[in-house]
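The values are calculated or read from the model by the stated rules, or taken from the named source; none is laboratory data. Note that the coordinates shown come from a computational prediction; the quantities given were computed from them, not determined experimentally. Methodologically, a virtual Cβ is constructed for each residue, glycine included, from the backbone with ideal geometry; neighbour enumeration extends over all protein chains shown.
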């Protein structure tokens, strides 16, 4: 087991190196740089060129990459050209928002998906099941950004129940109770928007899993032994079907990444997804590279986590 | 292009395809969806032959944000451009990209999977490591980086970029099937008879997994259409004079458009919903058909 | 099978919805609000808001730049920073480069000198000044009552320190070009001198600056007037200043409000600075937060913000009537849009324009002039911007009321005239395809570079192409599409790598406080993307900043001449001037959106009631 984890982590390392080179080169090949946006007759071209030189933007990409990597080894992701601050500091400002948003949407996803999936599976082909399945069909077909936009419009603007931008109300002191409540409040609507769409796959999976398990021999045996219907579901079927869902947890991270990019952009929620889009536009290369790397690392770790959980819950899957 | 592929497949393996078709026709919902898809595709591809893209995006200074009328069936946008025409061309572009990405990634993925599964051993090992690497890439971000890098892309190059990051799923699936297939008697028999690897793969192993391929590619089509519209929505898709469903949807980011000018974005939203539903209905029906246990009696 | 049935029903319902929608829209008789031909706008009362709005033309002259009234004591003002990104958070005039940051800084810091309507320094600011007869030595005296937010007095040393930091080789901001006019700055920057020769601290409150040469530009924005609190920054290495807490977390200034808390990139809260040198501010506090351009209307409507720094003018016609709790202030904006003709490349060796008329497709002035006549910028302004942008005439926008010469006749839409000019200049349609060939009978296709982004970018570019085609000039979009912002500037020559494929481009400039256009159209500036130069142009530009031009009348004359000359030569032609709209809630009083010659200072702004007015 430990051997497996260590080996996987070792494979992860070259993956990240390759990913960083790839992204770095691509970022360098983009037209413009972080100073292109500063075209303003009150700023002289010489002053800009001075900064290009100072930031090393005039160097060839491999020298810039070497600089960046040597910083990386010391835990320094470089400087953001635009924010004029360490990328590490910049990202840590934003990362908590994205983690909060992801946590909220994951919690909502499970709260909604598990009961619906169970009901749908237990009473399959009932009218209730049809409604739930119909919902999951619609959910599958709805692009998340359109759904988020509509949610923002209805609950943010028309009803005014939720804040429409930002991650926290202005002026609250970090660390106070109000601050945390406000943070949570700001994350609710975007989180719910992701959740209502991403529940679809979990519901469908759970449903078909339960329908399958229902007909398995051991369930039939349990029934024949006279176990009550509730007992059969709670004890045998549910436990059997829920475990794989737990294992998907890690893989959810990968899909959450794309979800947050869209939703953060629609809700102007200052997390890492929005930071990524802004940095692409502003050609803030060091931030772009660091973010892709971070997101990459998160999905690698997520996949690893899933594999580990899966091997624990399902002894049939042996980790080599 | 799609028609060609289907035709070839048909010659090689009539039985599995006809089963699929029979199942599809039996399933009313899927049938309606299929007809709808064919109609829409035929309509947009056919009509767009007669519509001039340049003319559609022609600016009419005197008809800006006009609501639907006799002259403009679905009104106009802020550039005075006909929304209906943009919808037709946009649907065509979105479909074209979706199909192109699905085909490119499908063909590459199949080849990759079959080779990996058929040869096994070290080849398989190496190829699978590469897949593992691609699987964990935050592909949405990479595509965005790619798109900002190549400032000048066409429908084909855009599709290539997208396909480069979406072939892994099908490759994995095909590999595992190919692994199973090659252990079967017929493949082993051919091998002892001295048939070349190439022939075994393309003439024997591949036809037997046709139904699986069709099902997977159909379902991929839906997600590729979704991905394209998402990228356009974020502003990393096509420019406005190459409209797609995503560009039309992105107009809804303007709250005035969202609230007062539904004719610009709502048709595109409904159309994309219907397209995704239909493709999926067809895909699910195909899957059921392919899966013998669930075949309806 | 229940599941299938429900799905079927659902699916068919949506299908029907789609069909109904298509049907509704094609049959215009059944729907009330889709009359298109008769009665444009005005007469229709209910239903389509937008149609009503779209016909309306506004005039910026109808807007007032300020709102006065009797404020109550105290209160909190919510200020919206309209941005689709966060603000960078470099909250000091000496280090910022992000335009949004300056909006944040404006609330808590200010320049030491005031300006009048010609953007010339006045004696109304935190410091007063005297100039020697030659006009190259300035002596500044900081008022005694001017203090930093931490109570320390602002000294001459603080001011000199700011300039020293900017001139430091480790400085990471973009203001170096603003201080090089001071004697000795370049030597200090290059390490050849330990101090800046042109700066002399006479006493605690008095600073003398010596400039390399006298020019009227010095008086209109040519002096660096932002101090840096030395007692806070002196221990911080220059390279680390911009990322220090003194800039990002608890910045201080001399302005009417103090920063209380910052949520990075999102919001800032301010409290009043009771010690402000002009007097105690009316408001108790100000809350600034970032609002996305897409949501600004809703935020104003609900009173979430009382006002914003700038309003997307294209949304105005839609909201003008529904936003009843808000008054719109307006003024002419400092920017203009223009079409430029590429007539050369950038000579990197010598850092100057390398004009090459021979090989430029647009080297012929008659062609350029005809292209100006061919476009209807008034229609563009009215149709795309409801009159909130309008036909531009010269390269000195009417924002500079004093210098803008509106007596100059400039080409306006006249396709016949354009055809006539082209005919006379020998641009004939030789092969009869409706497209003119050049005088040598060769095919003429011009590549047009235009930037993407903004709602109207694409239709606008298409409009120009169509308009030129009307007079037989074939213009195509470069690469067949709009160019992304960064790519555009790269290729148009922002770093001197001009793309030879570009023949025409559409750009925009936001002008500074100094009217001097040398920074945009001079022969030695990289921003002169046209790469056009000529002796007369250079002469006039130099004349405009010569010591003689210290005389306002003379300077006006020079710039009139220059404006006229540019109209004759057409290296570029301005297309539209723009307006700036700022909505303010009805409870807000004493706000003036002009920065120069403001009749109201920021400390005077107030509110008339505790809660924002809502509709």
Just to verify a result, which residue in region A:69-102, among those that are more than 11 Å from chain C (Cβ to nearest Cβ) and not in a helix (DSSP H, G or I), is surrounded by the most Cβ atoms within 10 Å (Cβ to Cβ)? A:77
Yes or no: residue B:216 away from chain C (no Cβ under 14 Å), at pLDDT below 85 and either surrounded by 22 or more Cβ atoms within 10 Å (Cβ to Cβ) or closer than 25 Å to residue B:173 by Cβ (or both)? yes
What single numbered condition from (1) outside any loop (DSSP other than H, G, I, E, B); (2) surrounded by fewer than 21 Cβ atoms within 10 Å (Cβ to Cβ); (3) modelled with pLDDT of 85 or more fails to hold for residue A:218? (3)
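Yes/no per residue for (1) on the phi < 0 side of the Ramachandran plot; (2) away from chain A (no Cβ under 14 Å); (3) out of contact with any strand residue (DSSP E or B) (no Cβ under 9 Å at 6 or more places or on another chain); (4) not in a strand (DSSP E or B):
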position: C:450; (1), (2), (3), (4): yes, yes, no, no
position: C:460; (1), (2), (3), (4): yes, yes, no, yes
position: C:464; (1), (2), (3), (4): yes, yes, no, yes
position: C:469; (1), (2), (3), (4): yes, yes, no, yes
position: C:472; (1), (2), (3), (4): no, yes, yes, yes
position: C:479; (1), (2), (3), (4): no, no, no, yes
position: C:488; (1), (2), (3), (4): yes, no, no, yes
position: C:491; (1), (2), (3), (4): yes, no, no, yes
position: C:495; (1), (2), (3), (4): yes, no, no, yes
For region A:163-215, enumerate the residues that are farther than 30 Å from residue C:268 by Cα and surrounded by fewer than 16 Cβ atoms within 10 Å (Cβ to Cβ). A:208, A:212, A:215
All positions within region A:122-152 that are without any contact (Cβ under 8 Å) to a residue 12 or more places away in the chain and part of a loop (DSSP other than H, G, I, E, B): A:123, A:125, A:126, A:143
Would you mention how many residues in region A:73-102 are touching a residue at least 12 places away in the same chain (Cβ under 8 Å), out of contact with any strand residue (DSSP E or B) (no Cβ under 8 Å at 6 or more places or on another chain) and at negative phi? 13
Criterion (at pLDDT below 95 and touching a strand residue (DSSP E or B) at 6+ places or on another chain (Cβ under 7 Å)) met by exactly one of C:167, C:127: C:127
Taking residue A:268 as meeting all but one of (1) in a helix (DSSP H, G or I); (2) touching a residue at least 60 places away in the same chain (Cβ under 8 Å), write down the number of the exception. (1)
Give the number of residues within region C:497-530 that are away from chain A (no Cβ under 11 Å) and not in a loop (DSSP other than H, G, I, E, B). 3
The helices (runs of 4 or more DSSP H) lying entirely within region B:190-297 that contain at least 3 residues which are within 20 Å of residue A:139 (Cα to Cα) are B:210-234, B:245-250, B:262-290
Regarding residue A:119, is this residue within 12 Å of chain C (Cβ to nearest Cβ) and buried (at least 19 other Cβ atoms within 10 Å of the Cβ)? no
Run down C:202, C:196 and say which single residue is more than 30 Å from residue C:282 (Cα to Cα), more than 14 Å from every other protein chain (Cβ to nearest Cβ), buried (at least 21 other Cβ atoms within 10 Å of the Cβ) and modelled with pLDDT of 90 or more. C:196
Taking region C:234-256 and the residues there that are more than 13 Å from every other protein chain (Cβ to nearest Cβ) and either part of a strand (DSSP E or B) or under 28 Å from the mean Cα position of the chain (by Cα) (or both), the one that is surrounded by the fewest Cβ atoms within 10 Å (Cβ to Cβ) would be C:252
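Conditions tested, residue by residue: (1) under 28 Å from residue C:147 (Cβ atoms); (2) more than 10 Å from chain A (Cβ to nearest Cβ).
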{"site": "C:268", "(1), (2)": "yes, no"}
{"site": "C:274", "(1), (2)": "yes, yes"}
{"site": "C:285", "(1), (2)": "yes, no"}
{"site": "C:294", "(1), (2)": "no, no"}
{"site": "C:299", "(1), (2)": "no, no"}
{"site": "C:302", "(1), (2)": "no, no"}
{"site": "C:318", "(1), (2)": "no, yes"}
{"site": "C:323", "(1), (2)": "no, yes"}
{"site": "C:330", "(1), (2)": "no, yes"}
Out of C:362, C:375, report the one residue that is surrounded by 21 or more Cβ atoms within 10 Å (Cβ to Cβ), outside any helix (DSSP H, G or I) and within 14 Å of chain B (Cβ to nearest Cβ). C:375
Working carefully through the options A:107, A:132, A:146, find the one that is more than 8 Å from chain C (Cβ to nearest Cβ) and surrounded by fewer than 21 Cβ atoms within 10 Å (Cβ to Cβ). A:107
Run down A:241, A:279 and say which single residue is closer than 20 Å to residue A:206 by Cβ and crowded, with 24+ Cβ neighbours inside 10 Å. A:241
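Table: residues versus (1) within 14 Å of chain A (Cβ to nearest Cβ); (2) modelled with pLDDT of 85 or more.
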| site | (1), (2) |
| --- | --- |
| B:198 | no, no |
| B:253 | yes, no |
| B:256 | yes, no |
| B:272 | yes, yes |
| B:275 | yes, yes |
| B:285 | yes, no |
Would you be able to say whether some residue in region C:552-574 is in a loop (DSSP other than H, G, I, E, B) and surrounded by fewer than 17 Cβ atoms within 10 Å (Cβ to Cβ)? no
